[in-house]
Amino acid sequence: MFKSGFISIIGRPNSGKSTLLNQLLGEKVSIVSDKPQTTRENILGILTLKEGQIVFTDTPGIHKPGYELNRRMMQTVYNSLEGTDLLLVLVDASTAFGSGDQYVVDLIKERGLPAFLLLNKIDLIRKDKLLPLMASYAGKHTFAEIVPISALERDNLELLTGLILKYLPEGPAHFPEEQFTDRHERFLAGEIVREKLLLNTREELPYSTTVLITRFDESQPEVVVLNCDIVVEKDSQKKIVIGSQGQKLKQIGIEARTDIETLLGKRVYLELYVRVKPKWRDDPRFLDSLL
Ligand SMILES: Nc1nc2c(ncn2[C@@H]2O[C@H](COP(=O)(O)OP(=O)(O)OP(=O)(O)O)[C@@H](O)[C@H]2O)c(=O)[nH]1
Ligand SMILES: [Mg+2]
C-alpha cells in the first residue's frame, strides 16, 4: 500500500525546522542560520520512499509580526496549515518554554490538526532532562507522538520517518520521484546568497536585508552568470555589508558562489550589488516584487 500526504513543519524561529527538512531529504532545499527568522517563505521538500511520498512544507518561524514583511511571513505559516495531514511541531529542547511556545501550542489546539511534538537539539541537553521535558509537553496538548530528535546529528530521524508513514493515508505520489522541491534554481541561488549574508552579519542586519536575483543567464555552455542585489534599509547598513575595502561583500560572494556552483553543477559568475531601499519591509509593492 503506497501512502502520501502533506506535512507542515512549524515552530518558533531557530528551532531547527529547515535543518530538519534538509536532513530528512538529504538535500539542501532550505537555508539555515543561527539568526532567528531565516526562512521567509514556505518551501516544499519532497521525500519519495518505496512505502510512500511525504511532502513537507518548511515554514517561517512563528513570531509576533512588527512589519508588513513579518505579517506576510505569519500568513504564510497559517496558509501552510490548510490541507495538511499532519503537523510536525518543533521546539528547541535546550531553551525554556516561554510565551512564544505557548502561542504555538494554542495555535495547534485551535486548528485541531494531528500533531507530532519534536523535541529538537537533544544533543545539547543532559539525558536525564528528557523524560521530564516530554512529560511536561504531554500535559500541554494531546500530541499524536512526542519524539526527541537531533536534526543536526540525525538522531531518531529514521524513527520519525517511520512514524510519519504510519499516520499518512493511502494515496498516490503527487510529484515525480526525482523531484525534491517545488522551488526553481533561481530562487535557491538567491536564498544561498541570503544565507551567506546572514552568516556574515549581526544585530539588525539579518532582519533588514533581502536578496533579489536580477539576472540568471544560462545561455553560455560553461558558466552561469548571476547578478544579485542585496537590499538594505540604510546607508550605514550598506557600508557594513560591503565592509572595509569591500572585504565582507567579497567573502559573502565567495561563499555563495561555491554553494551555487554545487547546486547548479556548473561554474558560476556571481556579481553582487548592495542597494538601499528605505523601509522595504513595510512596502507592499516591493514585497510583492520579491515573490
Ligand atoms: N545543536 C543543534 N543545533 C541545531 C539542531 N538543529 C538545528 N540547529 C541549529 O539551530 C539553528 C537554527 O536552525 P534553522 O534550521 O535555521 O532553524 P529554523 O527553525 O528553520 O529557523 P527559522 O527559519 O528562523 O524559523 C542553526 O544554527 C542550526 O545549526 C540540532 O539538532 N542540534
Ligand atoms: Mg528556517
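What to note about this one:
- Selected residue [out of contact with any Lys or Arg (no Cβ under 7 Å at 6 or more places or on another chain), charged (D, E, K, R) and either closer than 30 Å to Phe286 by Cα or without any contact (Cβ under 8 Å) to a residue 12 or more places away in the chain (or both)] from Arg72, Arg154: Arg72
- Selected residue (criterion: least open to solvent (accessible area, probe 1.4 Å)) from residues of the range 83-92 that are at pLDDT 95 or above and away from ligand 2 (no atom under 16 Å from the Cβ): Leu86
- In the set (1) buried (at least 17 other Cβ atoms within 10 Å of the Cβ); (2) farther than 15 Å from Ser30 by Cα, the condition left unmet by Arg215 is number (1).
- Residue in the range 19-45 that is nearest to Thr262 (Cα to Cα), counting only those that are of a type in the set (Gly, Ala, Ser) and within 11 Å of ligand 2 (Cβ to nearest atom): Ser30
- Subset tally (residues that are in a loop (DSSP other than H, G, I, E, B) and of a type outside the set (Gly, Ala, Ser)) for the range 144-156: 5
- One residue alone among Leu117, Leu159 is more than 11 Å from ligand 1 (Cβ to nearest atom), among the aliphatic types (A, V, I, L, M) and part of a helix (DSSP H, G or I), and that residue is Leu159.
- The range 146-162 - residue that is open to solvent by less than 40 Å² (accessible area, probe 1.4 Å) and within 16 Å of ligand 2 (Cβ to nearest atom) and, of those, nearest to Thr48 (Cα to Cα): Ala151
- Residue check, Val89 assigned to a loop (DSSP other than H, G, I, E, B) and of a type outside the set (Ser, Thr, Tyr): no
- For the range 25-46, the tally of residues that are within 24 Å of Pro172 (Cα to Cα) and open to solvent by 20 Å² or more (accessible area, probe 1.4 Å) stands at 5.
- Glu158 vs. criteria acidic (Asp, Glu) and either assigned by TED's automatic domain parsing to the domain that holds Gln247 or within 20 Å of Gly16 (Cβ to Cβ) (or both): yes
Listed here are the residues, each with its yes/no results for (1) polar (S, T, N, Q); (2) under 20 Å from the mean Cα position of the chain (by Cα); (3) within 16 Å of ligand 2 (Cβ to nearest atom).
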position: Ser94; (1), (2), (3): yes, yes, no
position: Ala135; (1), (2), (3): no, no, no
position: Ile164; (1), (2), (3): no, yes, no
position: Glu178; (1), (2), (3): no, no, no
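- Top-ranked residue in the range 47-61 [being open to solvent by 10 Å² or more (accessible area, probe 1.4 Å) and touching a residue at least 24 places away in the same chain (Cβ under 8 Å); ranked as nearest to ligand 1 (Cβ to nearest atom)]: Thr57
- Count of the range 58-80 residues which are part of a helix (DSSP H, G or I), away from ligand 2 (no atom under 16 Å from the Cβ) and of a type in the set (D, E, K, R): 2
- Residue match in the range 172-185 (condition: aromatic (Phe, Trp, Tyr), open to solvent by 30 Å² or more (accessible area, probe 1.4 Å), modelled with pLDDT of 95 or more and part of a helix (DSSP H, G or I)): no
- Flag if Glu271 is modelled with pLDDT under 95, open to solvent by 40 Å² or more (accessible area, probe 1.4 Å) and not in a helix (DSSP H, G or I): no
- Filter result for Lys17 (of a type in the set (Lys, Arg) and buried (at least 22 other Cβ atoms within 10 Å of the Cβ)): yes
- Subset of the range 17-40 [touching a Ser or Thr at 6+ places or on another chain (Cβ under 9 Å), more than 6 Å from ligand 1 (Cβ to nearest atom) and under 16 Å from Ile7 (Cβ atoms)]: Leu21, Asn22, Leu24, Leu25, Val29, Ser30
- Residues located in the range 4-14, provided they are more than 9 Å from ligand 2 (Cβ to nearest atom) and open to solvent by 30 Å² or more (accessible area, probe 1.4 Å): Phe6, Arg12
The values are calculated or read from the model by the stated rules, or taken from the named source; none is laboratory data. In this text, all values refer to a predicted model and were calculated from it rather than measured experimentally. Here the Cβ is made from the backbone with ideal geometry for all residues, glycine too, and neighbour counts use every protein chain on show. Quick note on the areas: whole protein, heavy atoms, side chains included, nothing else; ligands and nucleic acids left out. Shrake-Rupley method; radii C 1.70, N 1.55, O 1.52, S 1.80 Å.
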